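The values are calculated or read from the model by the stated rules, or taken from the named source; none is laboratory data. Predicted model, so just to flag it, every value in this text is computed and none were measured. FYI the Cβ positions are ideal-geometry reconstructions off the backbone, even for glycines, and counts take in every protein chain you see.
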Amino acid sequence: MKRIVMSLTFAIVGLIAPAFAFADDEQECSVATLFGDYLFTGSADAPMYEHVATFPRVFAGVYTFDGEGNLSGVASQSRGGVTVTKIHVQATYTLDSECMGTVTFHPDEQHFDIFIARDGNDGNFIRVDQGTIATRTITRQDRANKKHK
């Protein structure tokens, strides 16, 4: 009888212990997941049916997330071959427990859906305003600067 109880105990512990070992991999996200400086790149294009002189566009810069739903940064752009440098940007963002959210840039009210890695180190944006084509990719600059608490 002792052998059966002992065997069952080891079997149950063997099933439960891995769940605790990998629990951190299933961490939930919040606005605090995005904190610190992130390098970003992106692009935008005009819809195929339109010819717009300032497209295609490419972007690069740094976004700083404060862990409380605010973003600031600086970006340089090439707009159809015309370069605009060091533009200051401001935005607000949301992030749900599934690491999906929104970014709204102000004052021009550009709206993006965002998809962030659970560790907060990387993410992708896609613009969701009708008639627009734009994406961004972010990568945390200081990976030691993990999750803001």
Tell me, please, whether a residue that is surrounded by 14 or more Cβ atoms within 10 Å (Cβ to Cβ), in a loop (DSSP other than H, G, I, E, B) and within 15 Å of the chain's Cα centre (by Cα) can be found in segment 73-96.
no
Which listed residue, of 55, 22, is aromatic (Phe, Trp, Tyr), modelled with pLDDT under 95, over 30 Å from residue 119 (Cα atoms) and out of contact with any helix residue (DSSP H, G or I) (no Cβ under 8 Å at 6 or more places or on another chain)
55
With the condition kept exactly as written, say whether any residue in segment 40-55 is in contact with a Ser or Thr (Cβ under 8 Å, 6 or more places away or on another chain) and charged (D, E, K, R).
no
State all residues of segment 25-43 that are modelled with pLDDT under 95 and not in a loop (DSSP other than H, G, I, E, B); if no residue qualifies, say none.
25, 26
Could you grab the pairs with beta carbons closer than 6 Å, sequence gap of 6+ or different chains, first residue in segment 36-62 and free of Cβ contacts under 8 Å to residues at least 40 places away in the same chain, second one outside any strand (DSSP E or B) and surrounded by 14 or more Cβ atoms within 10 Å (Cβ to Cβ)?
52/46; 55/46
